[in-house]
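Bear in mind that the values in this text are calculations on the coordinates, not laboratory data. These figures come from a predicted structure and were not determined experimentally. Backbone-built Cβ (ideal geometry, glycine too); neighbour counts: all protein chains shown.
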Amino acid sequence: MALTNTDNTVRRTVDVDVQIEASRAVRAWLNTSPVKPCIVGMEYLPDDYGCALSVTETPYKVRQYINGGYLAAYECDLIYRCIPATDEQRVEADELLDRFAVWAANNASKLTITGARVKRVQRATPATLTARYSNGAEDHTAHLIINFEVI
């Protein structure tokens, strides 16, 4: 499958089975972190408190190799939902999520994706408040880019 970028270049997506394996592996790996705010779910958050991994773009091929292998990018958000009572707690939520994202970037070697070799995990954005809800809950989000090779 191909996706067209805003600059009209074409991105080739990775096979669906690779996408599924990458999501499972990334979520399991994130849940090994000693600095995670709570257990990380996949694409779902309760109304008041939780963490989720959200795939922000279908994993795509960055570079195709002559032998049929490729370098791929998996872009995702780490989302932490909480109900802060003060501005200090709001800042602490960003700090906690930032520590989690930094842990991810520093522990790429511990991420194992079956059939692939992880090259790099990049914390692409610092944690920031991205949504507020009527019950007082807020989503704080940090963006990660994970590069892996399929040979």
Could you give the angle, 0 to 90 degrees to the nearest 10, between helix 87-106's Cα long axis and the longest principal axis of the Cα atoms of the chain?
-> 20 degrees
Among Gly68, Thr130, Pro37, the residue whose Cα sits farthest towards the positive end of the charge dipole of the chain, when +1 is placed on the Cβ of each Lys and Arg and -1 on the Cβ of each Asp and Glu, is Gly68
Can you give the extra length, in nm with one decimal, that the chain gains between Ile39 and Ala105 once fully stretched, where that is 0.36 nm per residue apart less the Cα-Cα distance?
-> 21.9 nm
Extension gain from Asn67 to Tyr133, taking 0.36 nm per residue of separation minus the Cα-Cα distance | 18.8 nm
Just rank Phe148, Phe100, fewest to most, by other beta-carbon atoms within 10 angstrom.
-> Phe100, Phe148
hull vol. (C-alpha, convex hull) per residue for the stretch 2-150, Å³ -> 114 Å³
What angle, in degrees between 0 and 90 and rounded to the nearest 10, separates the Cα long axis of helix 16-30 from the longest principal axis of the Cα atoms of the chain?
-> 40 degrees
